[in-house]
Every structure is written in C-alpha cells, then in structure tokens.
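Asks: Below you'll find the structure I mean.
The values are calculated or read from the model by the stated rules, or taken from the named source; none is laboratory data. Just so it is clear, the model here is predicted, and its values are computed rather than measured. Cβ atoms come from the backbone with ideal geometry, glycine included; neighbour counts cover every protein chain shown. Calculation scope for accessible area: heavy atoms of the full protein, side chains included, ligands and nucleic acids excluded. Shrake-Rupley method; radii C 1.70, N 1.55, O 1.52, S 1.80 Å.
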Amino acid sequence: LTINNCIATNVLCNGGNLIDFRTAYVANVNVTNSTFNNCAVARDFIRLDDASATFPSSTSTVLIDHCTFYGVCNSATAGRYLYTRFVTNVLTFTNNIVANTLGYFGSDAKITQPTCSMNNYFNAGGLLGGTAYPTARYDISANSTTLDPGFTKAASGDFKISNQTLID
C-alpha cells in the first residue's frame, strides 16, 4: 500500500481506523510526503491486526516519512498512530511534523519499538512518552524537536511552515 503526496482532511472514523487491516497481511505500508488534517480523531491512524497465523513467516513493514499530521489520533485513550499487532512488524517514523494530538504510537505488547528520526512534535507529548500507559512506545531518538512549526493558517488547511529551523 503506497500513499504518496496526498492530502486528507476530516476523515473521521467510527468503528474503524484510517488505514485498517483486520484479517489481512500487508507486506509494506508506505505513507510519504502527505498531510493528514483532523483524521481518525478518536481512532487509530494505522491498524494492522495479527493475522500471522494465516500468513506465517511474514513481516509487515510500515514507513511513514516526510508527512504532516495535525489533530490526528487526538485521543489519549484510543489515538494510536501505529496500532500494528501483526507478530513480526518493522515500524519507521521519520522526518514528520506532528502537531496538536494527544495520541501515541501504541501500547500493545506486539507493537515493536518504532525507529524514529528527525521528527518534530508540537503539542504532541504522547509521542514523546507523555502517556498513562507504561508499555507505550514513543520516540526514543535523540534528534526530535518540539518546535512550533508556524503553520500559515492551520484552521483552513494551509500547513506551510514558517519556522526556519524546521525548514532548514
């Protein structure tokens, strides 16, 4: 599954998640160069349930790179960015800007620690460990930031950033 150079706004989920595979195997989920605004507010961004008994010796790989997330998974109790319970999974979350969320990566025992690098989390403490779940996964890299991106006008969907440090 490849999602590249897309804009998704107001995709609200009720009973399902934004990208949701319950009894399937997906080898690769690549989400790149895309913007997600007010999506899966009280649900999960990606859900890959454990179908490994049907697909033994398989690995699900998830890459999320160069994306902007604004108000996505904005729930401290159900807002998981990487709810990936497929037994063998590889998770990579890099070069993203995340703003205004209470969400976190996930806390299920089957979720591997995501490889994170060069992400910015503005008002997104759950992705940095600020959750009530002792088993939650969060960004443990030494190179994340929490800078205000200075979006031009987030309320109307203009996510051009003005923070020169992030631009650089």
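Asks: So who's got an amide H within less than 5 Å of the one on Thr61, skipping anything under 5 residues away but keeping other chains? H placed 1.01 Å off N, in plane.
Replies: Answer set, sorted by chain and number: Asn28, Val29, Val90.
Asks: Which percent, to the nearest 5, of DSSP beta bridges fully inside the stretch 20-168 are antiparallel?
Replies: Looking only at bridges with both residues in the stretch 20-168, the antiparallel portion is about 5 percent.
Asks: Further question: Toward the positive end of the charge dipole of the chain, about the Cα centre and with charges on Cβ (Lys, Arg +1; Asp, Glu -1), which of Leu48, Ile7, Ala124 goes farthest?
Replies: Farthest towards the positive pole: Leu48.
Asks: Give a quick list of trypsin sites (Lys or Arg not before Pro) in the stretch 57-150 that DSSP marks as loop, anything other than H, G, I, E or B, with at most 11 other Cβ atoms within 10 Å.
Replies: none
Asks: By its C-alpha gyration tensor, with a ≥ b ≥ c as the square roots of the eigenvalues, how is the stretch 90-143 shaped: rounded for a/c under 1.5, else prolate for a/b larger than b/c, else oblate?
Replies: The shape class here is oblate.
Asks: Using only the heavy atoms of the protein chains and a 1.4 Å probe, how would Cys6, Cys116 rank by accessible area, largest first?
Replies: If we order Cys6, Cys116 from most to least accessible, we get Cys6, Cys116.
Asks: Quick one: net charge of Asp20's neighbours, Cβ under 13 Å, K/R +1, D/E -1?
Replies: Taking every other residue near Asp20 into account, the sum is +3.
Asks: Which shape class, rounded, prolate or oblate, goes with the stretch 1-116 when its Cα gyration tensor gives a ≥ b ≥ c as root eigenvalues, a/c under 1.5 marks rounded, and past that a/b bigger than b/c marks prolate?
Replies: Taking the square roots of the gyration eigenvalues as a ≥ b ≥ c, the stretch 1-116 is prolate.
Asks: Same structure again: Please compute the net charge surrounding Lys160, taking Lys and Arg as +1 and Asp and Glu as -1 over other residues with Cβ under 14 Å from its Cβ.
Replies: -1
Asks: Once you have a ≥ b ≥ c as the square roots of the Cα gyration tensor eigenvalues for the stretch 1-68, tell me rounded if a/c is under 1.5, and otherwise prolate or oblate according to whether a/b is larger than b/c.
Replies: oblate
Asks: Taking amide hydrogens as modeled 1.01 Å from N in the peptide plane, which residues meet the under 5 Å criterion relative to Asp20, leaving out close sequence neighbours?
Replies: Placed amide hydrogens put Arg47 under 5 Å from Asp20.
Asks: At 1.4 Å probe size, with no ligands or nucleic acids counted, give the accessible surface of Leu102 in Å², nearest ten.
Replies: Roughly 100 Å² of Leu102 is accessible to a 1.4 Å probe.
Asks: Give me the dipole magnitude in Debye, nearest 20, for the stretch 23-88 about the Cα centre, with unit charges on the beta carbon: positive for Lys and Arg, negative for Asp and Glu.
Replies: The calculated dipole for the stretch 23-88 is roughly 100 debye.
Asks: What residues qualify as long-range amide H neighbours of Thr115, i.e. H under 5 Å apart, gap of 5 or more or another chain, H built at 1.01 Å from N?
Replies: Under 5 Å from the amide H of Thr115 lie the amide H atoms of Leu91, Thr92, Phe93, each far enough along the sequence or on another chain.
Asks: Roughly how many Å² of Val41 are accessible to a 1.4 Å probe, to the nearest 10?
Replies: Number for this one is 40 Å².
Asks: Turning to a different aspect of this structure: So what's the net charge close to Pro114: Lys and Arg +1, Asp and Glu -1, counting the other residues with Cβ under 11 Å from its Cβ?
Replies: 0
Asks: Give me the distance in nm between label points sitting 7 Å out from Cα along the Cα-to-Cβ direction at Thr2 and Thr54, one decimal.
Replies: Those two pseudo-labels are separated by 2.6 nm.
Asks: Putting +1 on Lys and Arg Cβ atoms and -1 on Asp and Glu Cβ atoms, find which of Leu147, Asn74, Phe93 reaches farthest to the positive end of the dipole of the stretch 18-166.
Replies: Comparing the listed Cα positions along the dipole, Asn74 ranks first.
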